[in-house]
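The values are calculated or read from the model by the stated rules, or taken from the named source; none is laboratory data. If you're wondering where the values come from, they're calculated on a predicted model, not measured in any experiment. We place every Cβ from the backbone using ideal geometry, glycine too, and count neighbours over all the protein chains shown. When the accessible area is computed, the model is the full protein with side chains, heavy atoms only, and any ligands, DNA or RNA have been set aside. Shrake-Rupley method; radii C 1.70, N 1.55, O 1.52, S 1.80 Å.
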Amino acid sequence: MTDNHEAAAARLLEAYASGRPCEPVRDLVDGVEAAYAVQSLLTERWLAGGRRLAGRKIGLTSRAVQRQLGVGSPDFGALFADMAVPDGEEIPAGAVLQPRVEAEVALVLERDLPHERHTVADVIHATAFALPAIEVVGSRIRDWDITLADTVADNASSGLYVLGTRPVPLRDVDLRLAGMVIERRGEQVSTGVGTACLGHPLHAAVWLADTLAALGSPLRAGDTVLTGALGPVVPVAPGDVLEARIDGLGDVRVAFVQAGSEQEEAR
Amino acid sequence: MNALAETLEGGPVNGLAEILDDAALAGRAVPRLTDAADLDVPAAYEVQRAVIERRLARGERVIGVKMGFTSRAKMVQMGVDDVIWGLLTDAMLVESHLDTAGLIHPRIEPEIAFLLERPVRGPADAVAAVGGVAVGYEVLDSRYEDFSFTLADVIADNASASGFGHGPWRPLRDVGNLGLVMEIDGRPVASGSSAAVLGDPLRSLTAAARLAAAAGVELQPGWVVLAGAATAAVPLPAGAHVRVSAAGLGHVEVTTR
(Lines give C-alpha, C1' and ligand atoms only; values in the text may rest on other atoms or scores of the structure.)
Protein backbone atom coordinates (compact mmCIF):
# COMPACT_ATOMS: atom_id res chain seq x y z
CA MET A 1 0.00 0.00 0.00
CA THR A 2 2.57 2.55 1.12
CA ASP A 3 4.83 1.34 -1.66
CA ASN A 4 2.03 2.18 -4.07
CA HIS A 5 1.79 5.67 -2.62
CA GLU A 6 5.52 6.14 -3.03
CA ALA A 7 5.25 4.91 -6.60
CA ALA A 8 2.40 7.33 -7.33
CA ALA A 9 4.40 10.23 -5.85
CA ALA A 10 7.44 9.19 -7.87
CA ARG A 11 5.40 9.09 -11.07
CA LEU A 12 4.11 12.63 -10.46
CA LEU A 13 7.56 13.95 -9.50
CA GLU A 14 8.98 12.47 -12.68
CA ALA A 15 6.37 14.38 -14.70
CA TYR A 16 7.39 17.61 -12.94
CA ALA A 17 11.07 16.88 -13.54
CA SER A 18 10.82 15.79 -17.16
CA GLY A 19 8.13 18.25 -18.23
CA ARG A 20 6.26 15.33 -19.76
CA PRO A 21 2.81 14.38 -18.42
CA CYS A 22 2.51 10.91 -16.91
CA GLU A 23 -0.11 8.19 -16.88
CA PRO A 24 -2.90 8.53 -14.28
CA VAL A 25 -2.01 7.34 -10.78
CA ARG A 26 -5.41 5.90 -9.90
CA ASP A 27 -4.04 2.36 -10.40
CA LEU A 28 -1.81 3.03 -7.37
CA VAL A 29 -4.23 5.07 -5.28
CA ASP A 30 -7.27 3.46 -3.69
CA GLY A 31 -9.69 6.16 -2.59
CA VAL A 32 -9.55 9.79 -1.54
CA GLU A 33 -7.67 9.22 1.73
CA ALA A 34 -4.94 7.39 -0.13
CA ALA A 35 -4.81 10.22 -2.66
CA TYR A 36 -4.28 12.77 0.12
CA ALA A 37 -1.56 10.50 1.51
CA VAL A 38 0.21 10.76 -1.85
CA GLN A 39 -0.27 14.54 -1.86
CA SER A 40 1.25 14.66 1.66
CA LEU A 41 4.28 12.72 0.48
CA LEU A 42 4.80 15.34 -2.22
CA THR A 43 4.27 18.21 0.22
CA GLU A 44 6.75 16.74 2.70
CA ARG A 45 9.28 16.22 -0.06
CA TRP A 46 8.92 19.82 -1.22
CA LEU A 47 9.06 21.28 2.29
CA ALA A 48 12.20 19.26 2.97
CA GLY A 49 13.61 20.75 -0.24
CA GLY A 50 13.18 24.26 1.15
CA ARG A 51 9.90 25.39 -0.38
CA ARG A 52 7.73 27.59 1.83
CA LEU A 53 4.07 26.74 2.31
CA ALA A 54 2.10 29.92 1.54
CA GLY A 55 -1.44 28.61 1.84
CA ARG A 56 -3.94 26.31 0.20
CA LYS A 57 -6.15 26.18 -2.86
CA ILE A 58 -9.63 24.77 -2.95
CA GLY A 59 -10.68 22.87 -6.05
CA LEU A 60 -13.82 21.19 -7.38
CA THR A 61 -16.01 23.98 -6.01
CA SER A 62 -18.43 24.08 -8.92
CA ARG A 63 -21.44 21.78 -9.01
CA ALA A 64 -20.82 21.15 -12.71
CA VAL A 65 -17.24 20.00 -12.12
CA GLN A 66 -18.30 17.92 -9.13
CA ARG A 67 -20.92 16.17 -11.27
CA GLN A 68 -18.37 15.63 -14.02
CA LEU A 69 -16.03 13.84 -11.59
CA GLY A 70 -18.88 12.19 -9.69
CA VAL A 71 -17.95 13.76 -6.35
CA GLY A 72 -19.94 15.61 -3.71
CA SER A 73 -17.27 17.73 -2.08
CA PRO A 74 -14.37 20.02 -3.00
CA ASP A 75 -10.69 19.15 -2.62
CA PHE A 76 -7.58 21.07 -1.67
CA GLY A 77 -3.90 21.38 -2.55
CA ALA A 78 -0.84 23.15 -1.21
CA LEU A 79 0.31 26.57 -2.39
CA PHE A 80 4.02 27.29 -2.13
CA ALA A 81 5.52 30.76 -2.12
CA ASP A 82 7.44 30.05 -5.33
CA MET A 83 4.14 29.39 -7.14
CA ALA A 84 3.10 33.05 -6.78
CA VAL A 85 3.66 35.11 -9.93
CA PRO A 86 3.51 38.93 -9.84
CA ASP A 87 0.49 40.54 -11.51
CA GLY A 88 1.01 40.64 -15.28
CA GLU A 89 4.41 38.94 -15.30
CA GLU A 90 5.09 36.44 -18.08
CA ILE A 91 5.03 32.75 -17.29
CA PRO A 92 7.69 30.77 -19.16
CA ALA A 93 6.58 28.01 -21.49
CA GLY A 94 6.51 24.69 -19.69
CA ALA A 95 6.33 26.24 -16.22
CA VAL A 96 2.93 24.58 -15.83
CA LEU A 97 2.05 21.36 -17.61
CA GLN A 98 -1.17 21.59 -19.65
CA PRO A 99 -2.09 24.99 -18.21
CA ARG A 100 -5.61 26.34 -17.79
CA VAL A 101 -6.72 29.53 -16.11
CA GLU A 102 -9.52 30.38 -13.71
CA ALA A 103 -10.47 33.46 -11.71
CA GLU A 104 -10.96 33.22 -7.97
CA VAL A 105 -11.31 35.13 -4.74
CA ALA A 106 -8.17 34.91 -2.59
CA LEU A 107 -8.44 35.37 1.17
CA VAL A 108 -5.40 36.34 3.21
CA LEU A 109 -5.65 35.35 6.88
CA GLU A 110 -4.53 37.30 9.92
CA ARG A 111 -5.62 34.68 12.46
CA ASP A 112 -5.34 30.92 12.79
CA LEU A 113 -8.36 28.71 12.15
CA PRO A 114 -7.61 25.84 14.54
CA HIS A 115 -11.12 24.69 15.53
CA GLU A 116 -12.76 21.38 14.83
CA ARG A 117 -15.74 23.21 13.35
CA HIS A 118 -15.64 26.74 11.95
CA THR A 119 -18.42 29.19 11.20
CA VAL A 120 -18.58 31.81 8.48
CA ALA A 121 -18.06 34.31 11.30
CA ASP A 122 -14.78 32.58 12.25
CA VAL A 123 -13.56 32.85 8.67
CA ILE A 124 -14.59 36.51 8.36
CA HIS A 125 -12.91 37.25 11.69
CA ALA A 126 -9.72 35.53 10.58
CA THR A 127 -9.57 37.20 7.15
CA ALA A 128 -7.39 40.30 6.83
CA PHE A 129 -8.51 41.06 3.29
CA ALA A 130 -9.55 39.61 -0.05
CA LEU A 131 -7.71 39.90 -3.38
CA PRO A 132 -8.67 39.02 -6.92
CA ALA A 133 -6.66 36.04 -8.14
CA ILE A 134 -5.91 34.04 -11.23
CA GLU A 135 -5.05 30.42 -10.69
CA VAL A 136 -3.06 28.73 -13.41
CA VAL A 137 -4.03 25.13 -12.87
CA GLY A 138 -2.17 22.31 -14.53
CA SER A 139 -2.12 18.56 -14.60
CA ARG A 140 0.86 16.29 -14.47
CA ILE A 141 -1.46 13.62 -15.81
CA ARG A 142 -1.67 13.10 -19.54
CA ASP A 143 -4.55 14.87 -21.29
CA TRP A 144 -6.12 15.84 -17.94
CA ASP A 145 -7.45 12.27 -17.80
CA ILE A 146 -8.25 12.60 -14.10
CA THR A 147 -10.48 11.05 -11.49
CA LEU A 148 -10.88 12.51 -8.01
CA ALA A 149 -7.98 10.33 -6.79
CA ASP A 150 -5.72 11.52 -9.61
CA THR A 151 -6.28 15.23 -9.04
CA VAL A 152 -6.04 15.00 -5.24
CA ALA A 153 -2.76 13.08 -5.45
CA ASP A 154 -1.50 15.63 -7.98
CA ASN A 155 -1.76 18.50 -5.44
CA ALA A 156 -5.29 19.31 -6.63
CA SER A 157 -3.93 20.11 -10.10
CA SER A 158 -2.13 23.20 -8.75
CA GLY A 159 0.20 25.16 -10.96
CA LEU A 160 0.92 28.83 -10.32
CA TYR A 161 -1.17 31.71 -9.03
CA VAL A 162 -1.32 35.45 -9.51
CA LEU A 163 -2.69 37.77 -6.84
CA GLY A 164 -4.05 41.26 -7.38
CA THR A 165 -2.41 43.99 -5.36
CA ARG A 166 -5.22 46.07 -3.85
CA PRO A 167 -6.52 44.48 -0.66
CA VAL A 168 -10.27 44.75 -0.03
CA PRO A 169 -11.79 44.18 3.42
CA LEU A 170 -14.68 41.70 3.38
CA ARG A 171 -17.09 44.37 4.62
CA ASP A 172 -16.59 46.26 1.35
CA VAL A 173 -17.45 43.51 -1.11
CA ASP A 174 -20.45 41.27 -1.79
CA LEU A 175 -18.62 38.05 -2.63
CA ARG A 176 -21.87 36.15 -3.21
CA LEU A 177 -22.95 38.34 -6.13
CA ALA A 178 -19.53 39.47 -7.33
CA GLY A 179 -19.44 39.20 -11.11
CA MET A 180 -16.40 37.64 -12.78
CA VAL A 181 -15.11 37.98 -16.32
CA ILE A 182 -11.93 36.78 -18.01
CA GLU A 183 -10.87 38.38 -21.28
CA ARG A 184 -8.20 37.47 -23.83
CA ARG A 185 -7.32 40.40 -26.10
CA GLY A 186 -10.68 41.93 -25.24
CA GLU A 187 -12.53 38.75 -26.12
CA GLN A 188 -14.60 37.33 -23.32
CA VAL A 189 -13.58 33.75 -22.54
CA SER A 190 -15.26 33.11 -19.17
CA THR A 191 -17.91 34.75 -17.01
CA GLY A 192 -19.28 33.80 -13.63
CA VAL A 193 -20.32 34.89 -10.17
CA GLY A 194 -19.47 34.28 -6.50
CA THR A 195 -22.32 31.83 -6.00
CA ALA A 196 -20.67 29.46 -8.50
CA CYS A 197 -18.10 28.65 -5.80
CA LEU A 198 -20.06 26.35 -3.47
CA GLY A 199 -22.78 29.01 -3.17
CA HIS A 200 -20.31 31.50 -1.65
CA PRO A 201 -16.50 31.65 -1.56
CA LEU A 202 -16.60 31.89 2.24
CA HIS A 203 -18.47 28.56 2.39
CA ALA A 204 -15.56 26.97 0.57
CA ALA A 205 -13.16 28.55 3.06
CA VAL A 206 -15.15 27.12 5.99
CA TRP A 207 -14.92 23.66 4.43
CA LEU A 208 -11.16 24.05 4.03
CA ALA A 209 -10.65 25.28 7.59
CA ASP A 210 -12.57 22.31 9.02
CA THR A 211 -10.88 19.80 6.73
CA LEU A 212 -7.35 21.00 7.47
CA ALA A 213 -7.97 21.18 11.22
CA ALA A 214 -9.19 17.58 11.13
CA LEU A 215 -5.97 16.59 9.37
CA GLY A 216 -3.87 18.31 12.03
CA SER A 217 -2.48 21.05 9.80
CA PRO A 218 -4.88 23.98 10.30
CA LEU A 219 -4.89 27.24 8.38
CA ARG A 220 -2.58 29.80 9.98
CA ALA A 221 -2.30 33.58 10.11
CA GLY A 222 -0.56 34.73 6.94
CA ASP A 223 -1.92 31.91 4.80
CA THR A 224 -3.40 32.67 1.38
CA VAL A 225 -6.53 30.71 0.48
CA LEU A 226 -7.61 30.43 -3.15
CA THR A 227 -11.28 29.71 -2.64
CA GLY A 228 -12.21 28.19 -6.01
CA ALA A 229 -13.21 29.12 -9.55
CA LEU A 230 -16.07 31.58 -10.11
CA GLY A 231 -16.70 30.36 -13.66
CA PRO A 232 -15.57 27.97 -16.37
CA VAL A 233 -11.85 27.22 -16.65
CA VAL A 234 -10.07 28.56 -19.75
CA PRO A 235 -7.48 26.57 -21.74
CA VAL A 236 -4.47 28.72 -22.61
CA ALA A 237 -1.82 28.72 -25.32
CA PRO A 238 1.67 30.26 -25.54
CA GLY A 239 1.46 34.01 -26.12
CA ASP A 240 -1.91 34.38 -24.40
CA VAL A 241 -2.47 37.35 -22.12
CA LEU A 242 -5.55 37.13 -19.94
CA GLU A 243 -7.17 39.63 -17.64
CA ALA A 244 -9.62 38.64 -14.92
CA ARG A 245 -11.94 41.12 -13.25
CA ILE A 246 -13.95 40.43 -10.13
CA ASP A 247 -16.52 43.11 -9.33
CA GLY A 248 -15.61 44.82 -6.08
CA LEU A 249 -12.12 43.26 -5.95
CA GLY A 250 -10.44 44.66 -9.05
CA ASP A 251 -8.44 43.02 -11.80
CA VAL A 252 -5.40 40.83 -12.29
CA ARG A 253 -3.45 39.65 -15.34
CA VAL A 254 -1.42 36.71 -16.47
CA ALA A 255 0.76 36.38 -19.57
CA PHE A 256 2.27 33.30 -21.19
CA VAL A 257 5.54 33.56 -23.08
CA GLN A 258 5.37 33.20 -26.85
CA ALA A 259 6.64 29.86 -28.09
CA GLY A 260 9.41 31.33 -30.27
CA SER A 261 10.48 28.16 -32.02
CA GLU A 262 6.92 27.11 -32.78
CA GLN A 263 6.23 30.54 -34.24
CA GLU A 264 9.11 30.20 -36.62
CA GLU A 265 7.98 26.75 -37.63
CA ALA A 266 4.56 28.20 -38.42
CA ARG A 267 6.15 30.63 -40.87
CA MET B 1 -37.32 47.72 -48.35
CA ASN B 2 -36.39 44.21 -49.21
CA ALA B 3 -37.14 42.20 -52.27
CA LEU B 4 -39.38 39.60 -50.68
CA ALA B 5 -41.62 42.10 -48.93
CA GLU B 6 -41.92 44.13 -52.10
CA THR B 7 -42.81 41.21 -54.31
CA LEU B 8 -45.25 39.89 -51.77
CA GLU B 9 -46.73 43.36 -51.28
CA GLY B 10 -47.32 42.80 -47.60
CA GLY B 11 -50.06 40.24 -48.03
CA PRO B 12 -48.04 37.14 -47.17
CA VAL B 13 -46.24 39.11 -44.46
CA ASN B 14 -49.58 39.67 -42.79
CA GLY B 15 -50.45 36.02 -43.31
CA LEU B 16 -47.27 34.90 -41.59
CA ALA B 17 -47.87 37.38 -38.76
CA GLU B 18 -51.35 35.96 -38.31
CA ILE B 19 -49.95 32.45 -37.95
CA LEU B 20 -47.62 33.59 -35.14
CA ASP B 21 -50.18 35.81 -33.43
CA ASP B 22 -52.78 33.04 -33.46
CA ALA B 23 -50.22 30.60 -32.05
CA ALA B 24 -49.54 32.99 -29.16
CA LEU B 25 -53.25 33.57 -28.52
CA ALA B 26 -54.07 29.86 -28.62
CA GLY B 27 -50.95 28.77 -26.74
CA ARG B 28 -50.18 26.24 -29.46
CA ALA B 29 -46.87 25.79 -31.23
CA VAL B 30 -46.59 26.01 -35.01
CA PRO B 31 -44.00 24.74 -37.49
CA ARG B 32 -41.19 27.09 -38.43
CA LEU B 33 -42.18 29.69 -41.02
CA THR B 34 -38.97 29.00 -42.92
CA ASP B 35 -40.05 25.40 -43.44
CA ALA B 36 -42.59 26.71 -45.95
CA ALA B 37 -41.73 30.34 -46.72
CA ASP B 38 -38.59 31.96 -48.06
CA LEU B 39 -37.88 34.47 -45.31
CA ASP B 40 -34.80 36.68 -45.03
CA VAL B 41 -33.91 38.92 -42.09
CA PRO B 42 -35.47 42.17 -43.41
CA ALA B 43 -38.67 40.32 -44.31
CA ALA B 44 -38.64 38.68 -40.88
CA TYR B 45 -38.62 42.13 -39.24
CA GLU B 46 -41.60 43.02 -41.48
CA VAL B 47 -43.44 40.02 -40.06
CA GLN B 48 -42.43 41.03 -36.53
CA ARG B 49 -43.83 44.53 -37.13
CA ALA B 50 -47.07 43.04 -38.42
CA VAL B 51 -47.33 40.82 -35.33
CA ILE B 52 -46.98 43.92 -33.15
CA GLU B 53 -49.56 45.80 -35.28
CA ARG B 54 -52.06 43.03 -34.51
CA ARG B 55 -51.37 43.45 -30.78
CA LEU B 56 -51.75 47.24 -31.06
CA ALA B 57 -55.08 46.73 -32.83
CA ARG B 58 -56.23 44.88 -29.70
CA GLY B 59 -55.36 47.92 -27.59
CA GLU B 60 -51.85 47.01 -26.48
CA ARG B 61 -49.18 49.69 -26.30
CA VAL B 62 -45.44 49.43 -27.03
CA ILE B 63 -43.49 50.13 -23.85
CA GLY B 64 -40.01 48.99 -24.71
CA VAL B 65 -37.63 46.75 -26.58
CA LYS B 66 -35.82 43.53 -25.84
CA MET B 67 -32.45 42.44 -27.16
CA GLY B 68 -31.58 38.91 -28.20
CA PHE B 69 -28.44 36.93 -29.05
CA THR B 70 -26.40 39.20 -26.82
CA SER B 71 -24.06 36.46 -25.65
CA ARG B 72 -21.07 35.34 -27.65
CA ALA B 73 -22.06 31.69 -27.17
CA LYS B 74 -25.56 32.30 -28.52
CA MET B 75 -24.25 34.22 -31.55
CA VAL B 76 -21.91 31.36 -32.39
CA GLN B 77 -24.70 28.82 -31.86
CA MET B 78 -27.01 30.72 -34.24
CA GLY B 79 -24.25 31.56 -36.71
CA VAL B 80 -24.89 35.31 -36.47
CA ASP B 81 -22.66 38.28 -35.77
CA ASP B 82 -25.20 40.84 -34.62
CA VAL B 83 -27.86 41.11 -31.97
CA ILE B 84 -31.58 41.02 -32.76
CA TRP B 85 -34.40 42.93 -31.17
CA GLY B 86 -38.09 42.65 -30.46
CA LEU B 87 -40.77 44.94 -29.06
CA LEU B 88 -42.36 44.81 -25.61
CA THR B 89 -45.98 45.76 -25.03
CA ASP B 90 -47.80 46.66 -21.84
CA ALA B 91 -49.64 43.33 -21.98
CA MET B 92 -46.29 41.55 -21.56
CA LEU B 93 -45.41 43.35 -18.32
CA VAL B 94 -45.80 40.97 -15.39
CA GLU B 95 -46.42 42.47 -11.98
CA SER B 96 -46.00 39.61 -9.56
CA HIS B 97 -48.03 36.67 -10.86
CA LEU B 98 -47.97 34.93 -14.21
CA ASP B 99 -50.45 32.36 -15.44
CA THR B 100 -48.46 29.88 -17.52
CA ALA B 101 -51.56 27.97 -18.65
CA GLY B 102 -51.88 30.05 -21.80
CA LEU B 103 -48.22 29.65 -22.72
CA ILE B 104 -46.63 27.00 -24.91
CA HIS B 105 -43.29 26.11 -23.32
CA PRO B 106 -42.16 29.14 -21.32
CA ARG B 107 -38.58 29.73 -20.26
CA ILE B 108 -37.21 32.44 -18.00
CA GLU B 109 -33.87 34.22 -17.91
CA PRO B 110 -32.28 36.93 -15.77
CA GLU B 111 -31.81 40.36 -17.33
CA ILE B 112 -30.50 43.83 -16.71
CA ALA B 113 -33.22 46.38 -17.61
CA PHE B 114 -32.83 50.06 -18.41
CA LEU B 115 -35.51 52.74 -18.09
CA LEU B 116 -35.29 55.59 -20.61
CA GLU B 117 -36.15 59.10 -19.46
CA ARG B 118 -35.41 60.86 -22.74
CA PRO B 119 -36.05 60.02 -26.38
CA VAL B 120 -33.21 58.21 -28.14
CA ARG B 121 -32.61 59.18 -31.76
CA GLY B 122 -29.42 57.20 -32.19
CA PRO B 123 -26.70 55.21 -30.45
CA ALA B 124 -24.90 58.34 -29.21
CA ASP B 125 -27.96 59.36 -27.16
CA ALA B 126 -28.56 56.02 -25.54
CA VAL B 127 -26.56 56.04 -22.33
CA ALA B 128 -27.39 59.67 -21.49
CA ALA B 129 -31.08 58.85 -21.87
CA VAL B 130 -31.05 56.23 -19.09
CA GLY B 131 -33.09 57.22 -16.05
CA GLY B 132 -32.69 54.00 -14.13
CA VAL B 133 -31.40 50.46 -14.09
CA ALA B 134 -32.97 47.39 -12.52
CA VAL B 135 -32.63 43.66 -12.25
CA GLY B 136 -35.23 41.98 -14.41
CA TYR B 137 -36.30 38.79 -16.05
CA GLU B 138 -37.75 37.83 -19.37
CA VAL B 139 -40.20 35.05 -20.05
CA LEU B 140 -39.55 33.56 -23.48
CA ASP B 141 -42.14 31.45 -25.24
CA SER B 142 -41.20 30.63 -28.80
CA ARG B 143 -44.26 30.08 -30.89
CA TYR B 144 -42.35 27.37 -32.76
CA GLU B 145 -42.47 23.66 -32.05
CA ASP B 146 -39.64 22.45 -29.79
CA PHE B 147 -38.32 26.03 -29.36
CA SER B 148 -36.48 25.38 -32.62
CA PHE B 149 -35.95 28.17 -35.16
CA THR B 150 -33.67 29.85 -37.65
CA LEU B 151 -32.55 33.46 -37.27
CA ALA B 152 -35.36 34.70 -39.54
CA ASP B 153 -37.95 32.62 -37.69
CA VAL B 154 -37.06 34.00 -34.27
CA ILE B 155 -37.00 37.59 -35.53
CA ALA B 156 -40.46 37.16 -37.08
CA ASP B 157 -41.63 35.73 -33.74
CA ASN B 158 -40.70 38.97 -31.96
CA ALA B 159 -37.56 37.35 -30.57
CA SER B 160 -39.66 34.84 -28.58
CA ALA B 161 -40.86 37.68 -26.29
CA SER B 162 -43.73 36.71 -24.01
CA GLY B 163 -43.43 38.48 -20.67
CA PHE B 164 -41.06 40.46 -18.51
CA GLY B 165 -40.70 42.04 -15.12
CA HIS B 166 -38.24 44.22 -13.29
CA GLY B 167 -37.24 45.23 -9.78
CA PRO B 168 -37.01 48.74 -8.37
CA TRP B 169 -35.33 51.30 -10.60
CA ARG B 170 -31.98 52.51 -9.29
CA PRO B 171 -29.78 55.35 -10.55
CA LEU B 172 -27.49 54.26 -13.38
CA ARG B 173 -24.23 52.80 -12.13
CA ASP B 174 -21.50 50.58 -13.55
CA VAL B 175 -23.35 47.42 -14.54
CA GLY B 176 -20.54 45.82 -16.54
CA ASN B 177 -19.80 42.91 -14.22
CA LEU B 178 -22.69 42.35 -11.81
CA GLY B 179 -23.34 38.90 -10.45
CA LEU B 180 -26.84 37.59 -11.15
CA VAL B 181 -28.54 34.60 -9.57
CA MET B 182 -31.92 33.14 -10.47
CA GLU B 183 -33.62 30.85 -7.98
CA ILE B 184 -36.73 28.75 -8.44
CA ASP B 185 -38.41 27.82 -5.17
CA GLY B 186 -35.30 28.91 -3.33
CA ARG B 187 -32.85 26.78 -5.32
CA PRO B 188 -30.32 28.41 -7.65
CA VAL B 189 -31.01 27.39 -11.26
CA ALA B 190 -28.83 29.84 -13.15
CA SER B 191 -26.05 32.26 -12.28
CA GLY B 192 -23.63 34.45 -14.15
CA SER B 193 -22.26 37.91 -14.71
CA SER B 194 -23.84 40.79 -16.59
CA ALA B 195 -20.53 40.85 -18.50
CA ALA B 196 -21.99 37.97 -20.54
CA VAL B 197 -24.28 40.58 -22.15
CA LEU B 198 -22.00 41.89 -24.92
CA GLY B 199 -19.27 42.54 -22.34
CA ASP B 200 -21.46 45.22 -20.71
CA PRO B 201 -25.26 45.60 -20.86
CA LEU B 202 -24.78 49.27 -21.83
CA ARG B 203 -23.39 48.04 -25.16
CA SER B 204 -26.63 46.20 -25.69
CA LEU B 205 -28.54 49.42 -24.99
CA THR B 206 -26.42 51.21 -27.57
CA ALA B 207 -27.08 48.40 -30.05
CA ALA B 208 -30.82 48.76 -29.36
CA ALA B 209 -30.58 52.43 -30.26
CA ARG B 210 -28.71 51.57 -33.46
CA LEU B 211 -31.23 48.93 -34.57
CA ALA B 212 -34.15 51.19 -33.67
CA ALA B 213 -32.68 54.11 -35.62
CA ALA B 214 -32.10 51.85 -38.63
CA ALA B 215 -35.74 50.75 -38.43
CA GLY B 216 -36.98 54.34 -38.13
CA VAL B 217 -38.15 53.83 -34.55
CA GLU B 218 -37.44 56.41 -31.87
CA LEU B 219 -37.02 54.89 -28.41
CA GLN B 220 -39.39 56.81 -26.14
CA PRO B 221 -39.14 58.19 -22.60
CA GLY B 222 -40.65 55.66 -20.23
CA TRP B 223 -39.65 52.71 -22.39
CA VAL B 224 -37.83 49.74 -20.92
CA VAL B 225 -34.85 48.14 -22.65
CA LEU B 226 -34.15 44.53 -21.69
CA ALA B 227 -30.45 44.19 -22.44
CA GLY B 228 -30.30 40.43 -22.94
CA ALA B 229 -29.76 37.28 -20.95
CA ALA B 230 -26.84 36.91 -18.55
CA THR B 231 -27.30 33.12 -18.41
CA ALA B 232 -29.03 30.40 -20.39
CA ALA B 233 -32.84 30.39 -20.10
CA VAL B 234 -34.41 27.70 -17.94
CA PRO B 235 -37.87 26.11 -18.25
CA LEU B 236 -40.49 28.00 -16.23
CA PRO B 237 -42.87 25.57 -14.51
CA ALA B 238 -46.34 26.33 -13.18
CA GLY B 239 -46.70 26.82 -9.43
CA ALA B 240 -43.17 28.14 -9.07
CA HIS B 241 -41.68 31.06 -7.21
CA VAL B 242 -38.84 32.68 -9.14
CA ARG B 243 -36.46 35.22 -7.72
CA VAL B 244 -33.72 37.00 -9.63
CA SER B 245 -31.06 38.94 -7.72
CA ALA B 246 -28.30 41.16 -9.06
CA ALA B 247 -25.44 42.73 -7.14
CA GLY B 248 -26.46 46.16 -5.88
CA LEU B 249 -29.82 46.11 -7.69
CA GLY B 250 -31.86 44.06 -5.23
CA HIS B 251 -34.20 41.47 -6.64
CA VAL B 252 -37.39 40.83 -8.56
CA GLU B 253 -39.83 37.99 -7.98
CA VAL B 254 -42.59 36.29 -9.91
CA THR B 255 -44.95 33.50 -8.94
CA THR B 256 -46.48 31.29 -11.61
CA ARG B 257 -49.71 29.36 -11.56
Identify all residues within the range A:47-106 that are open to solvent by less than 20 Å² (accessible area, probe 1.4 Å), assigned to a helix (DSSP H, G or I) and within 23 Å of A:Phe256 (Cβ to Cβ); write none if there are none. A:Met83
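Looking only at residues in the range B:227-240 that are open to solvent by 30 Å² or more (accessible area, probe 1.4 Å) and under 28 Å from B:Leu172 (Cα atoms), which one is farthest from the other protein chains (Cβ to nearest Cβ)?
Looking at the filtered set, the residue picked out is B:Ala233.
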Of all residues in the range B:87-115, which are in a strand (DSSP E or B) and either among the acidic types (Asp, Glu) or closer than 17 Å to B:Val252 by Cα (or both)? B:Leu93, B:His97, B:Leu98, B:Arg107, B:Ile108, B:Glu109, B:Pro110, B:Glu111, B:Ile112, B:Ala113, B:Phe114, B:Leu115
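Given the criteria surrounded by fewer than 23 Cβ atoms within 10 Å (Cβ to Cβ), under 17 Å from the mean Cα position of the chain (by Cα) and closer than 26 Å to B:Pro237 by Cα, does B:Leu115 qualify?
On the way: surrounded by fewer than 23 Cβ atoms within 10 Å (Cβ to Cβ): yes; under 17 Å from the mean Cα position of the chain (by Cα): yes; closer than 26 Å to B:Pro237 by Cα: no.
So B:Leu115 fails the test.
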Boolean, B:Asp185 is more than 10 Å from every other protein chain (Cβ to nearest Cβ) and more than 30 Å from B:Glu46 (Cβ to Cβ): yes
Being more than 14 Å from chain A (Cβ to nearest Cβ) and over 16 Å from the mean Cα position of the chain (by Cα) is the requirement here; does B:Glu145 meet it? yes
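Pick from the range B:65-77 the residues that are within 16 Å of B:Ile155 (Cα to Cα) and touching a Gly at 6+ places or on another chain (Cβ under 9 Å): which of them is surrounded by the fewest Cβ atoms within 10 Å (Cβ to Cβ)?
Pass one, the range B:65-77, residues within 16 Å of B:Ile155 (Cα to Cα): B:65-70, B:74-75, B:77.
From what is left, the residues that are touching a Gly at 6+ places or on another chain (Cβ under 9 Å) are B:65-70, B:74.
Details: B:Val65: 24, B:Lys66: 29, B:Met67: 26, B:Gly68: 25, B:Phe69: 24, B:Thr70: 26, B:Lys74: 16.
Among those residues, the one meeting the criterion is B:Lys74.
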How many residues are among the hydroxyl-bearing types (Ser, Thr, Tyr), within 14 Å of chain A (Cβ to nearest Cβ) and open to solvent by 30 Å² or more (accessible area, probe 1.4 Å) if we restrict to the range B:192-214? 0
Look at the range A:1-46 and say how many of its residues are loosely packed, with under 12 Cβ neighbours inside 10 Å and part of a helix (DSSP H, G or I). 6
Flag if A:Arg245 is more than 14 Å from chain B (Cβ to nearest Cβ), touching a residue at least 24 places away in the same chain (Cβ under 8 Å), in a strand (DSSP E or B) and open to solvent by 10 Å² or more (accessible area, probe 1.4 Å): no
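Does B:Val175 satisfy the criteria of being within 10 Å of another protein chain (Cβ to nearest Cβ) and within 20 Å of B:Pro123 (Cβ to Cβ)?
Here the answer is yes, as B:Val175 does meet what is asked.
Every residue, every condition in (1) surrounded by fewer than 23 Cβ atoms within 10 Å (Cβ to Cβ); (2) outside any helix (DSSP H, G or I); (3) more than 14 Å from every other protein chain (Cβ to nearest Cβ), yes or no:
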position	(1), (2), (3)
A:Ser139	no, yes, yes
A:Ala149	no, no, yes
A:Val162	no, yes, yes
A:Arg166	yes, yes, yes
A:Val189	yes, yes, no
A:Ala209	no, no, yes
Residue tally, condition out of contact with any Leu (no Cβ under 6 Å at 6 or more places or on another chain), over 24 Å from A:Glu110 (Cβ atoms) and basic (Lys, Arg), over the range A:146-202: 1
Mind listing whichever residues of the range A:211-233 are open to solvent by less than 10 Å² (accessible area, probe 1.4 Å) and either free of Cβ contacts under 8 Å to residues at least 60 places away in the same chain or within 13 Å of another protein chain (Cβ to nearest Cβ) (or both)? A:Leu230
